[in-house]
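The values are calculated or read from the model by the stated rules, or taken from the named source; none is laboratory data. All of these numbers come straight from a predicted model, not from anything done at the bench. Here the Cβ positions follow ideal geometry from the backbone for every residue, glycine too, while neighbour counts run over all protein chains shown.
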Amino acid sequence: MIVTLGAIFGLHYLIDPDLFLHITVGHDILAHPGSIGVSHFIEAHPSFPYVEDKWLACVLVALAHAIAGLDGVMGYQIALCVAVAVAWYVMQRAWGASRAVAVVGVALALLTCNFRLEPRPDTISHALLALTIALTVAPQPRRRLLWMIPLVLAFWINLHGYFVNGLLVLLAAAVAALLGDRTSGMWPSAPGSLTTRDRFLLLGLALAACLLHPQGWQALASPLSLLVQLQQDAGFRGSIQEFQPSTRLFAGAGPLQWTILLGPLLVALLVAGTARGRSVLSRQGLALLAALPWLVWPPRALDAFAFRLIVMLLIMAIVELPVCLRERRWLGPMLLLGFTILALPMVRNTALLTPAALIVLAPAWTALARALPVTLSWRPPPLVARAALVAIVVTVGWLRLSDRLNAAVVSAPSRTGWGVDVDRFPVGATDFVVRENLPGPLLNNFDIGGYLLYRLYPEQRVFIAGNTAMYPPSFLQYYLARVTGPELDLDALTSAHGIQTVIVDIVSPVTTRLLSRLAASPNWGLVFLDHAAAVYTRAAGAPRLDLERRAAELAREDHFRPGLPTWLGGQPLTSPSANLAVFFQTVRRPDLALREFDHLWPQVPSEALAVLGGTAAMHTGQLGERLPWLEETQRQYPDSEAMKKLLFFGLAYRVDALLNQRALAEAERTLERMRKLEPEACGPFTALAKAALLGGDATKARSMLAEAARRDADGACRQQAAADPLLAPLSRP
């Protein structure tokens, strides 16, 4: 059951931007073993020394690719998801979970960590972390543990910088033992179990094992170097989504919402510290009630399903802490506190909260499962219990296969399928560049550099790639400022680097400035476009694309089909379906964006798509014609500020028409609706002044103009009144 569930979570399109970079690096290491730690991949820095903390993972995925191509990589992806699911199961069993509870825990862990389950070293690290946590309490002989755990760390440091989390687990176990931890006393202890002295010896052996890396102490120090860079370099910290602080997920909650979210938790903690809290039934019942508000009414930024479940597990685990502390079980609370501290400054670390919460909850849930039949005086038949467990597994598997686990980040696994996601990576664009033999040097954006290397290296290098260690920090700052940032000067960039061809990801919001400059430049011609990427070149003789014709061709392609058939609940996703509409809006073709929107809306309606369509309609002067749609959509997304503004502007078109028809009463009713939508906007008062004049009430008109002037922050309404022949006499001082 666990293997099947893990395999299901691996059955999605290859979507990770760094995966193809790892394959390229792995092939390079296999061909030239001495290349470890030297980057030959970036055009501006062709021999840059760096710490390759993932070299073994790169070699493993390259071997899978060498054996069976992308099918082998898909098998590798599925195998990693199976490995981490099995590791979570073993971890919970070692910490006292029953088989059924461990299965439920794995299902929850897969849901919460779905956005990290990619074929990359991070996933292997989650499996090794779970294994290390299991070994800290597993009833294994001392002699075996003294070589097993250092072996795990020696393997881990060559796979990923997350090895430091394993060292932190060992440090926590040593400190807990020093404090007289009784965690291991909950299960039969093995002969020769570790003493406090052994725990510190084990930590020392693990540290020594971490030197078994081709780059030695540099690899051991690399996580610290990254932390220093994140602390000192705000541009680097802000440029990568997974490095954003987790505290942003809680933005937007007001005092009332915080009271509702935290009030039940405080009550549950108070009860857990009393005699009543000794009952696991009352304790976990209160824990569930404390967690429910986070599922039902989370802060807006915490809306992603995975994040809500992570917070739910964290809340329920926190309620168990008073009992753990009362019974002197220090290790679980220490790990939960430590991983919470690690998760706060970085979104990517939120996945660490899941295993930390599960090791605290697993014993409690197992005790709860034993206590419930006694309390209810009814034990469900074994067949019913098994059916319930199967139902949980099937439901979780269906959520993944039907693409209903809304991704926390754009590069997270989202669509069920096999092979490369051609709507996410520039597969067609790269085919075109190779087929047409377009010249380099290339300019590309950050996210697709790895895929371009996978397809073009060693014949061509790329401008930038996803591993920021492969070039100096200053080059990333240069890219953020001069390529995607406000200092972009296309001619200067072209001259400085000799750029001949540009391959741009149209999915990423950070490429909009570059795309708009390319579209406006007479020196660059669009020669290729699909749902994933655009290719521009300044090479002589390259035929430029007929954008309207290409838009019509792409509209005929089916990009709505979900991985699971709709009759089984498969859900079409807005992204990547809306990629083209975003691109057309970016290159100042709102007419094509609106046409694409009309094609998309019946298939994949969403708030983001509604805002895009409304904006395109406004830019083409068609917003007033779409007022019924705007009203319906605003009712569908009542909390969307963007849709409120679009409806406001749509109503303004209606007011102009009503005033021209002298339908003054209807115009005033519409203006009252506008005032409710935007109470501080000056425009409705200017229109009310015009309606009053048309009705012969100059006094009211002057009053409305005064109200408009009071709200007119930028002078726009005063200019509008001065330009209106009817209002101009009243607007003069």
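Does the range 546-568 contain any residue that is out of contact with any Gly (no Cβ under 8 Å at 6 or more places or on another chain) and polar (S, T, N, Q)? Checking the range 546-568: at least one residue is out of contact with any Gly (no Cβ under 8 Å at 6 or more places or on another chain) and polar (S, T, N, Q). Remark: pairs (first residue in the range 472-488, surrounded by 15 or more Cβ atoms within 10 Å (Cβ to Cβ); second residue among the β-branched types (V, I, T) and modelled with pLDDT under 90; Cβ separation under 6 Å; 6+ apart in sequence or on different chains) = L476/T468; T484/V510. Residues in the range 508-548 that are of a type in the set (S, T, N, Q) and free of Cβ contacts under 8 Å to residues at least 60 places away in the same chain: S521, N523.
Can you spot a residue in the range 115-129 that is touching a Cys at 6+ places or on another chain (Cβ under 8 Å) and assigned to a helix (DSSP H, G or I)?
First, pick out the residues of the range 115-129 that are touching a Cys at 6+ places or on another chain (Cβ under 8 Å): 117, 123, 126.
After this cut, where a residue has to be assigned to a helix (DSSP H, G or I) as well, the list is 123, 126.
Within the range 115-129, one or more residues are touching a Cys at 6+ places or on another chain (Cβ under 8 Å) and assigned to a helix (DSSP H, G or I).
When the residues of the range 589-633 are narrowed to those that are of a type in the set (S, T, Y) and in a loop (DSSP other than H, G, I, E, B), which ends up surrounded by the most Cβ atoms within 10 Å (Cβ to Cβ)?
Taking the range 589-633 and keeping what is of a type in the set (S, T, Y), we get 606, 615, 620, 633.
With the extra rule that they be in a loop (DSSP other than H, G, I, E, B), the set shrinks to 606, 620.
On the way: S606: 18, T620: 16.
Looking at residues that are of a type in the set (S, T, Y) and in a loop (DSSP other than H, G, I, E, B), I get S606.
As for the range 128-150, it holds no residue that is over 14 Å from L202 (Cα atoms), surrounded by 20 or more Cβ atoms within 10 Å (Cβ to Cβ) and touching a Leu at 6+ places or on another chain (Cβ under 7 Å). Residues in the range 290-306 that are surrounded by 15 or more Cβ atoms within 10 Å (Cβ to Cβ), assigned to a helix (DSSP H, G or I) and at pLDDT 85 or above: 5 in all. The sole residue among A701, A667 that is out of contact with any strand residue (DSSP E or B) (no Cβ under 6 Å at 6 or more places or on another chain), among the aliphatic types (A, V, I, L, M) and not assigned by TED's automatic domain parsing to the domain that holds L726 is A667. Only residues that are hydroxyl-bearing (S, T, Y), at pLDDT 90 or above and not in a loop (DSSP other than H, G, I, E, B) were counted in the range 440-473, giving 2.
Of all residues in the range 331-382, those that are charged (D, E, K, R) and either in a helix (DSSP H, G or I) or touching a strand residue (DSSP E or B) at 6+ places or on another chain (Cβ under 8 Å) (or both) total 2.
Within the span defined as the range 381-390, every residue fails to be farther than 30 Å from R544 by Cα, in contact with a His (Cβ under 8 Å, 6 or more places away or on another chain) and at pLDDT below 90. Filtering the range 82-92 for residues that are in the same structural domain as N165 (by TED's automatic domain parsing), of a type in the set (S, T, Y), more than 20 Å from the chain's Cα centre (by Cα) and over 30 Å from R455 (Cα atoms) leaves a non-empty set. Only residues that are farther than 16 Å from L361 by Cβ, touching a Pro at 6+ places or on another chain (Cβ under 6 Å) and among the small types (G, A, S) were counted across the range 260-300, and they come to 1.
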